[in-house]
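Engineer: Following this message is one structure expressed as structure tokens.
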Amino acid sequence: MITMSETLPQSEADASTSDYTFHRLGRGDAARYAGMTFPSFKELLDVDEHAVGLGVERAGEVCGMILGYFPPDQDPEVGHLLSLFVGPEHRGRGLGETLLHRFEEVLRDAGKKCVRTTYMTGKPTIAIFEHVLQKCGWDAPHTRMVVVRSTIPVINKAPWMALNELPEGMQIVAWGDVTEAQREVLRRSHEDTHWIAEDLIPFDHEENYDPCTSVALLHDGQIAGWVINHQMSRELIRFTCAYMRPHLQRLGRIVWLYVESVRRMEQHGFHEGIWTIPLKHPRHAAFARRWMAPYSTFFGETRGVEKSW
């Protein structure tokens, strides 16, 4: 963490930005630059010693900022870019590229060998951001997840929301009503055959889960699928972990769980849901693209990109 503002020297690459002054930011700058990053990051400069920010000003006016982070509990050779923003009236002057180049210099001086970032598509400025990364020599971005966001009235228009009766031998229950014996059978079954995707084991997502909308599918009395959700706000539910036994995936049985979970959302006063689906689950991602995107209020991707030196 930089504990004081320090004016950075001008380089030849910054000729088009000669009217601007670049600073390494510290605690005294956090309030002035709060509008230059996402709300969840705006206090980092003020409270986190592992945050690094660079700002740009002209005649005392705050014009842009880049914010990064060095997680102390992760790879010590990797830095993370959290946000890059330049005010609309100051764009087209190379400020974003200069901020990014200078941020990379800070990382190299700190002994980092790589910088990474993740971001979500769906905003007009993403094309500008990706162009800046490309000009600065970053690798091509890769898609990590598809993201669906929808409200109850909109998702209810999806034709699959009209599903009602379950096939014989199947029953949907609240996740909290699953018995310990059923949980133990699921644990042993996975230990024997490893049929559950490692990132979707339900027991790994139970901390602070939402009991009102999280459900399980029982097939002949045993757990065959689940949707584990988390409450993000008074009106928003995140569908954190959804999975179905492989032989039932081909029959689209996960849809039954989504239908029941959305209905329970409505019954308990939730208005909106968000689904994040990793591309490493292609069947699920394909369902989201084909059958959820048309009934969403937002459909996009999270992408990852990095640069090494």
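The values are calculated or read from the model by the stated rules, or taken from the named source; none is laboratory data. Since the structure is predicted, the reported quantities are computational estimates derived from the model, not experimental observations. Positions of Cβ are generated from backbone atoms using ideal geometry, with glycine treated the same way; all protein chains shown enter the neighbour counts. Just so you know, the surface numbers come from the protein's heavy atoms only, side chains and all, with ligands and any DNA or RNA stripped out. Shrake-Rupley method; radii C 1.70, N 1.55, O 1.52, S 1.80 Å.
Engineer: Mind checking segment 107-212 for trypsin sites (Lys or Arg not before Pro) that DSSP puts in a loop (not H, G, I, E or B) and that have at most 14 other Cβ atoms within 10 Å?
Structural biologist: LYS113, LYS157
Engineer: With the other protein chains left in place, how much accessible area per residue, in square angstrom, belongs to the chain at a 1.4 angstrom probe?
Structural biologist: Accessible surface, normalised per residue, equals 51 Å².
Engineer: Here is a further query. Of THR121, THR143, HIS131, whose Cα points farthest to the positive end of the dipole of segment 100-168 (charges on the beta-carbon: +1 Lys, Arg; -1 Asp, Glu; origin at the Cα centre)?
Structural biologist: About the Cα centre, the residue reaching furthest to the positive side is HIS131.
Engineer: Please work out the FRET efficiency for the pair ARG289 and VAL47, using the Cβ-Cβ distance as r and a Förster radius of 35 Å; give the result to the nearest 0.05.
Structural biologist: Working: r = 39 Å, r/R0 = 1.13.
It comes to 0.35.
Engineer: What's the local net charge at CYS212, with K and R +1, D and E -1, over the other residues with C-beta under 15 Å away?
Structural biologist: -3
Engineer: Need one number: the % of Cα-Cα pairs in segment 62-180 sitting beyond the 24 Å mark. All intermediate terms of the calculation are to be shown ahead of the outcome.
Structural biologist: Working: 3590 of 7021 pairs.
Tail of the P(r) past 24 Å holds 51 percent of the pairs.
Engineer: Nothing charged except the Cβ atoms of Lys and Arg (+1) and of Asp and Glu (-1): what's the magnitude of the dipole of segment 111-150 about its Cα centre? Round to the nearest 20 debye.
Structural biologist: Once rounded to the nearest 20, the dipole reads 160 debye.
Engineer: Cross-link partners among lysines for LYS135, C-alpha distance below 22 Å, same-chain residues fewer than 8 apart left out?
Structural biologist: Leaving aside lysines fewer than 8 places away in the same chain, those within reach of LYS135 are LYS112, LYS113, LYS123, LYS307.
Engineer: Given a 1.4 Å probe and every protein chain left where it sits, what share in percent of the accessible area of the chain is carbon and sulfur? Walk me through the numbers before you get to the answer.
Structural biologist: Working: 7890 of 15670 Å².
Its accessible area is 50 percent carbon and sulfur atoms.
Engineer: Once you charge only the Cβ atoms, +1 for Lys and Arg and -1 for Asp and Glu, what is the size of the charge dipole of the chain about its Cα centre, to the nearest 20 debye?
Structural biologist: Computed charge dipole of the chain: roughly 1000 debye.
Engineer: Let me ask something additional. If each residue of separation counts as 0.36 nm, what is the full-extension length gain between GLN134 and PHE298 once their alpha-carbon separation is subtracted?
Structural biologist: Working: separation 164, 0.36 × 164 = 59.04 nm, distance 2.59 nm.
Answer, rounded to one decimal: 56.4 nm.
Engineer: I would also like to ask the following. Can you compute the FRET efficiency between SER18 and ALA59 using 1/(1 + (r/R0)^6), with r the Cβ-Cβ distance and R0 = 22 Å? Round to the nearest 0.05.
Structural biologist: My answer for the efficiency is 0.95.
Engineer: For the chain, what is the calculated [θ] at 222 nm in deg cm²/dmol (nearest 500), taking -39500 (n - 2.57) for each run of four or more DSSP H residues and dividing by its residue count? Present the calculation step by step, with values, prior to reporting the outcome.
Structural biologist: Values: 8 runs with 72 residues, N = 309.
Taken over the chain, the calculation gives -6500 deg cm²/dmol.
Engineer: While we're here: What are the residues whose amide H is under 5 Å from the amide H of THR240, where those residues sit 5 or more places off or on another chain and H is modelled from the backbone?
Structural biologist: ILE228, ASN229, HIS230
Engineer: Name all residues of segment 206-222 having a backbone nitrogen under 13 Å from the label point set 7 Å from the Cα of HIS190 along its Cα→Cβ direction, giving them as ranges.
Structural biologist: Label zone hits: 206-207.
Engineer: Any idea what the dipole of segment 141-190 comes to, in debye rounded to 20, about its Cα centre with Lys/Arg Cβ at +1 and Asp/Glu Cβ at -1?
Structural biologist: Dipole of segment 141-190, to the nearest 20 debye: 400 debye.
Engineer: If contacts are Cα pairs under 8 angstrom and at least 6 residues apart, what is the relative contact order of segment 75-148 in percent?
Structural biologist: Result for segment 75-148 is 41 percent.
Engineer: Treating cross-link reach as a plain straight distance, find the aspartates and glutamates whose alpha-carbon is under 12 Å from the alpha-carbon of LYS42, omitting any fewer than eight places away in the same chain.
Structural biologist: ASP29
Engineer: How compact and how long is segment 186-309, expressed as Rg and Dmax of its alpha-carbon atoms in Å?
Structural biologist: Both quantities, over Cα of segment 186-309: 15.3, 56 Å.
Engineer: So what is the relative contact order for segment 202-241, in percent, with contacts set as C-alpha pairs under 8 Å and at least six apart?
Structural biologist: Numbers: 56 pairs, mean separation 14.4, N = 40.
Averaging sequence separation for qualifying contacts and normalising by length gives 36 percent for segment 202-241.
Engineer: Among TRP175, TRP226, TRP160, which one shows the highest mean-square fluctuation when the chain is modelled as a Gaussian network with alpha-carbon springs under 10 Å?
Structural biologist: TRP160
Engineer: Go ahead and set up a Gaussian network model of the chain, Cα springs under 10 Å, then flag whichever of ASP29, ASP199, ASP210 fluctuates most.
Structural biologist: The residue with the greatest mean-square fluctuation here is ASP199.
Engineer: For segment 41-115, compute Rh as the Kirkwood radius over C-alpha pairs and then the Stokes-Einstein diffusion coefficient at 4 °C and 1.567 mPa s; write the answer in µm²/s, rounded to an integer. Please report the intermediate quantities before stating the final value.
Structural biologist: Numbers: Rh = 13.0 Å.
Rounded to a whole number, D works out at 100 µm²/s.
Engineer: Calculate the FRET efficiency for HIS268 and THR143 from the Cβ-Cβ distance with a Förster distance of 35 Å, rounded to the nearest 0.05.
Structural biologist: The formula returns an efficiency of 0.60 here.
Engineer: Let me ask something else. May I ask you to order 161-168, 35-42, 240-247 by the average number of other C-beta atoms within 10 Å around their residues, highest value first?
Structural biologist: 240-247, 35-42, 161-168
Engineer: Can you give me the pair-distance distribution of segment 251-304, C-alpha pairs, 10 Å bins, whole percents?
Structural biologist: 19, 53, 25, 2
Engineer: Next up: Segment 11-88: which GluC sites (Glu not before Pro) are DSSP loop and have at most 16 other beta-carbon atoms within 10 angstrom?
Structural biologist: GLU43, GLU49, GLU77
Engineer: Take the eigenvalues of the Cα gyration tensor for the chain, scale each by 5, and report the square roots as semi-axes in whole Å, largest first.
Structural biologist: 45, 20, 18
Engineer: Projecting each Cα onto the charge dipole of the chain (Lys/Arg +1, Asp/Glu -1 at the beta carbon, about the Cα centre), which of VAL215, MET292, HIS190 comes out farthest on the positive side?
Structural biologist: Towards the positive end, the residue furthest out is MET292.
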